[in-house]
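The values are calculated or read from the model by the stated rules, or taken from the named source; none is laboratory data. All values derive from a computational prediction rather than experimental measurement. No Cβ is skipped: glycine too gets one built from the backbone with ideal geometry, and neighbour counts run over all protein chains shown.
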Amino acid sequence: MSSDNKFKALADFWRTFSKVRMGIAGLVLLGIFVVLGIIGPLLVPFPDALSHWRDINYWQDNPVASPPAWTNWFNPRPGASSQVLTAPKIKQEEYPGDGSLVKVDYTFSYPFSATSGPRDVVFRIAGDGQVPILIDFRRPDGGAIEVYRDQLSLSKSQLFRVSLNYNSQAAAVELVRNENPDAAADLNPATIRPAQILFSDVRKHTVQENVALKGDYTFVVSLLLAKESIRTTEVSVGISGYVSGFMGTDISKRDIFTGVIIGIRWALILGLLTSMLTVLVGVTFAIVAAYVGGAIDWFLNRLYELVYLMPVLPFLIVTSAIFKPSIWTLIIMICLFFWSGVFKPVYSMALQIKQEVFIEASRALGASKARIIFSHIFPILLPYSFASMALSVPAIIVYEASVSLLGLGDATIVTWGQILHDAFVQGAVINNMWWWVVPPGLMIALMGATFAFLGTALDKILHPKLKTR
Amino acid sequence: MYWKFVFKRIIYGILMYSLMVLIYSTLFNAVADKTLRSQIDESVNQEMRFVRTTNGDEFSRIRAQKLAIKTKQYHLDEPLHQRIFWRTVRTLAFDFGNSTIIKSSGGDRQVSAIIMEALPRTIILFSLQVVLAVVLGVIMGLYAARRPNSPFDRFNTMITLVMNGMPVWWLGMIAIMLFAYNIPIFPSGGMHINPAPTGFAGFLDYLWHLALPLITLTFVSMWSIAYLSRNIFLSSLQEDYVMAARARGIPEARVLFGHTLRTSMPVIMTIAVLGLFSSIAGNIIVEGIFNWPGIGNLYFVAVQQSDVPVLMATLAFQTLINMAGFIILDVIYGFLDPRIKVGMRA
């Protein structure tokens, strides 16, 4: 076949394919998945998540098990949303002395409108050396409290964190004592939650009721820095709220939206690579068995029966338990089982093609067996192979998810099955944390549907009989 | 002639099954040996407690003797290939031995007793599911096939394709979250409340616990059966005899149920029978999610506890059921369609 002919055949195929709406839908979805699979990890709110998914430190500023931020729209008592305040207003002021020190004020403004204070506010300072620090907390009612004062020893490798809940109990008690002396009497600095108190309307209400004071809060972080280290010092404020992000967080404080997006990559690799290998093996076996015949035919057919009768998931579980769980072992195991799905149909088709005149002619011309198989029979069966490849992807993704759900997945990658495993093991179902369970499962279904659409569309084109009456 | 075919098919099935058990046996042998040796050690230590001797040499001699007897009894002194062979033979003879950790509810450690306890639970849940899914699916398929490309048909196809890639256990998790915690009308799992009620109340309690897994499983599997039977009906609705029947003025309901459904029945029965047989093996994850103590759950517990005898027996059992299903289908087909017997030689 000349390249011109091939191009024409492809154009013909596209003309037929573009008329099947389901196929177009599948193609569009696949395109979106591929794009997200490639650039998705860069777009998510936590860009390093791919390598830090199981790193507790990476996620420590997120709130634990919070629902998505948009649940506030339906909540009569909206909770504070998690966010990170960066880009403060910076004011520099020469410090009296020998002139080598500068007092730098980092001013953050935080408009607050939830019905209860955030879980915690964490001030994060990156820098180097011994730095005196003073944090001022300014409330919308004009009150200002010094919540923290210390001498920090900063190091380059780690962020220094100052948390209201852990470092400002005294300041919270002080605030209540100044504004509402009656309520301060029974406050125990060891048991209070300073973040709640600092954001509450302490004048009108008792502390136990904790009614939040809405308005614009300002945090001023003042550092006494050496001149040369101003540029390398960075301050940000993490607000740990009751709702977080687009899909909430899990019990390990991980952002689920990030997890779901970075899971696309492995689902695609797994689905495409495995189905390709599977179909390649199945089609090759079937053609070889049909064309060569004899002992090889007998052997491959018995092998097919053997594999076909084996219970797949139990076998996968056992092998995953014996070998070290790895995605490549899983891919190989799935290939070992799934090739039987295409074997029989292709085998019967190949038996028919074998009888065609052009095969006989090519044999008469002295073509080798390999040549006949790969350049004459294989191309004819190629369209069918693509259809069955697409149709086998959903099952492969579900199998990976099932193996992962049982805790036998590859711990070095992030897949939807593993997110669901964590959710199930850590009690998401019992605690009604639907935002942890629903998105990964929906993604599995959506990815499966994408390939099912493509496969069914191809099938419709290849077998037009069933289209309509 | 027919009986010869049946006989050959069964013998062939047994050979195939033996081969598969051999494969499992090889796979498990390394793990199995370890558990067996520790079992022997344990039982010898148990026996040694009753040996009254103060002589240290005498004591260790008796112990070594007892160990040697047991080792010989379990073929552990033989080379690897012989051990694999013996494990295969014992499994084929349904001699599964004792479990290492798992016990039946009666405290029995015999693997066959453990399996027999779990089996009925799985059969009830999954065969009910297959029956319900086939009945509902066939009705839906018939309606979809009657008006292809109608909104119902399109909806059906769409749902099938989406359901196709949806893990059943995920829907199970959602169902539990919805109907056991948000709208608490069903229990979240298990087979009965504790303590289990007896008599009619016990039966109602059982049904109540059965409902949620049954509904979930049926809901998932009925769509693909509907889609499949829709395609089958569609092709038989295109046959000439249907057109002829319509031309004769036979009512549409009779054309559908009499002519179409009846001629398509063998294919649908195949789906149903295969579904029934493979369902006996249970579903590891669904049973785990609903905490339904059937075969699948047993298998998973065995994996986690690495209880090799139970693992081996369950896997062999599941394979046997699968195999039996295929043989029965082949035999029925051979009876209905004589051409299939010829295919046997291929």
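Structure notes:
- Screening segment A:411-449 for residues that are within 7 Å of another protein chain (Cβ to nearest Cβ) and not aliphatic (A, V, I, L, M) and picking the one that is surrounded by the most Cβ atoms within 10 Å (Cβ to Cβ) gives A:Gly448.
One line per residue, one yes/no per condition, for (1) part of a loop (DSSP other than H, G, I, E, B); (2) farther than 25 Å from A:Ala226 by Cα; (3) touching a residue at least 40 places away in the same chain (Cβ under 8 Å):
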position	(1), (2), (3)
A:Trp70	no, yes, yes
A:Tyr106	no, no, yes
A:Pro111	no, yes, yes
A:Pro132	no, no, yes
A:Ile135	no, no, yes
A:Glu146	no, no, no
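- B:Ala196 being aliphatic (A, V, I, L, M) and at pLDDT below 85: yes
- Output for segment B:283-303, where each listed residue is in contact with a Gly (Cβ under 6 Å, 6 or more places away or on another chain) and not in a helix (DSSP H, G or I): B:Asn283, B:Phe290, B:Asn291, B:Gly294
- When A:Arg231 is tested against (1) modelled with pLDDT of 80 or more; (2) not in a strand (DSSP E or B), only condition (1) is not met.
Condition check ((1) among the polar types (S, T, N, Q); (2) within 10 Å of chain A (Cβ to nearest Cβ); (3) farther than 30 Å from B:Gln110 by Cα; (4) buried (at least 17 other Cβ atoms within 10 Å of the Cβ)) across all residues:
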| residue | (1), (2), (3), (4) |
| --- | --- |
| B:Leu237 | no, yes, yes, yes |
| B:Phe257 | no, no, yes, no |
| B:Leu261 | no, no, yes, yes |
| B:Met269 | no, no, yes, no |
| B:Asn283 | yes, yes, no, yes |
| B:Asn291 | yes, no, no, no |
| B:Gln304 | yes, yes, no, no |
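- Within segment B:1-59, considering residues that are more than 12 Å from every other protein chain (Cβ to nearest Cβ), among the aromatic types (Phe, Trp, Tyr) and surrounded by 13 or more Cβ atoms within 10 Å (Cβ to Cβ), the one farthest from B:Asn98 (Cα to Cα): B:Phe5
- Checking each residue of segment B:217-235 against the condition of being more than 22 Å from B:Met269 (Cα to Cα) and crowded, with 19+ Cβ neighbours inside 10 Å gives no match.
- Of all residues in segment A:145-176, those satisfying the criterion of being among the hydroxyl-bearing types (Ser, Thr, Tyr) and touching a Leu at 6+ places or on another chain (Cβ under 9 Å) are A:Tyr148, A:Ser168.
Each row is one residue, and each column tells you yes or no for (1) assigned to a helix (DSSP H, G or I); (2) without any contact (Cβ under 8 Å) to a residue 60 or more places away in the chain; (3) exposed (fewer than 14 other Cβ atoms within 10 Å of the Cβ).
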residue: A:Ala25; (1), (2), (3): yes, no, no
residue: A:Leu29; (1), (2), (3): yes, no, no
residue: A:Val34; (1), (2), (3): yes, no, no
residue: A:Leu42; (1), (2), (3): yes, yes, yes
residue: A:Pro47; (1), (2), (3): no, yes, yes
residue: A:Ser51; (1), (2), (3): yes, yes, yes
residue: A:Asn57; (1), (2), (3): yes, yes, yes
residue: A:Asn62; (1), (2), (3): no, no, no
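- Selection status of A:Ala411, touching a residue at least 40 places away in the same chain (Cβ under 8 Å) and among the aliphatic types (A, V, I, L, M): yes
- Residues in segment B:64-101 that are touching a Lys or Arg at 6+ places or on another chain (Cβ under 6 Å) and in contact (Cβ under 8 Å) with a residue 40 or more places away in the chain were compared, and the one that is surrounded by the most Cβ atoms within 10 Å (Cβ to Cβ) is B:Ser99.
- In segment B:167-176, the residues that are surrounded by fewer than 21 Cβ atoms within 10 Å (Cβ to Cβ) and either within 7 Å of chain A (Cβ to nearest Cβ) or touching a Cys at 6+ places or on another chain (Cβ under 6 Å) (or both): B:Ile174
- Residues located in segment A:177-195, provided they are of a type in the set (D, E, K, R) and either touching a Leu at 6+ places or on another chain (Cβ under 8 Å) or in a helix (DSSP H, G or I) (or both): A:Arg177, A:Glu179, A:Asp182
- Residue within segment A:368-388 that is within 14 Å of chain B (Cβ to nearest Cβ), crowded, with 23+ Cβ neighbours inside 10 Å, hydrophobic (A, V, I, L, M, F, W, C) and in contact (Cβ under 8 Å) with a residue 24 or more places away in the chain present: no
- B:Ser278 hydroxyl-bearing (Ser, Thr, Tyr), surrounded by fewer than 20 Cβ atoms within 10 Å (Cβ to Cβ) and touching a Gly at 6+ places or on another chain (Cβ under 8 Å): yes
Okay, residues lined up against (1) within 20 Å of the chain's Cα centre (by Cα); (2) more than 30 Å from B:Ile159 (Cβ to Cβ); (3) small (Gly, Ala, Ser); (4) at pLDDT 80 or above:
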site: B:Thr54; (1), (2), (3), (4): no, yes, no, no
site: B:Gln65; (1), (2), (3), (4): no, yes, no, yes
site: B:Val111; (1), (2), (3), (4): yes, yes, no, yes
site: B:Ile115; (1), (2), (3), (4): yes, yes, no, yes
site: B:Leu119; (1), (2), (3), (4): yes, yes, no, yes
site: B:Phe126; (1), (2), (3), (4): yes, no, no, yes
site: B:Leu132; (1), (2), (3), (4): yes, no, no, yes
site: B:Gly141; (1), (2), (3), (4): no, no, yes, yes
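- Residues of segment B:293-302 that turn out to be of a type outside the set (A, V, I, L, M) and within 11 Å of chain A (Cβ to nearest Cβ), as a count: 3
- If you check A:Val307, A:Val318, A:Val281 for being within 12 Å of chain B (Cβ to nearest Cβ) and more than 19 Å from A:Ser404 (Cβ to Cβ), only one passes: A:Val307.
- Members of segment A:389-410 found to be more than 9 Å from every other protein chain (Cβ to nearest Cβ) and of a type outside the set (Gly, Ala, Ser), listed by number: A:Met389, A:Ile396, A:Tyr399, A:Glu400, A:Val403, A:Asp410
- Any hit, segment B:156-166, residues being of a type outside the set (Asp, Glu), out of contact with any helix residue (DSSP H, G or I) (no Cβ under 7 Å at 6 or more places or on another chain) and either more than 8 Å from chain A (Cβ to nearest Cβ) or free of Cβ contacts under 8 Å to residues at least 60 places away in the same chain (or both): yes
- Any chance A:Tyr291 is more than 14 Å from chain B (Cβ to nearest Cβ), crowded, with 17+ Cβ neighbours inside 10 Å and in contact (Cβ under 8 Å) with a residue 24 or more places away in the chain: yes
- Test for A:Gly37: is it under 21 Å from A:Trp416 (Cα atoms) and of a type outside the set (A, V, I, L, M): yes
- Checked against (1) more than 29 Å from A:Ala428 (Cα to Cα); (2) more than 14 Å from chain A (Cβ to nearest Cβ); (3) in contact with an Asp or Glu (Cβ under 7 Å, 6 or more places away or on another chain), B:Arg147 passes all but condition (2).
- Condition met for B:Leu234 (over 29 Å from A:Leu313 (Cα atoms), part of a helix (DSSP H, G or I) and touching a residue at least 12 places away in the same chain (Cβ under 8 Å)): yes
- Some residue of segment A:326-342 being within 11 Å of another protein chain (Cβ to nearest Cβ) and either buried (at least 18 other Cβ atoms within 10 Å of the Cβ) or in contact with a Lys or Arg (Cβ under 8 Å, 6 or more places away or on another chain) (or both): no
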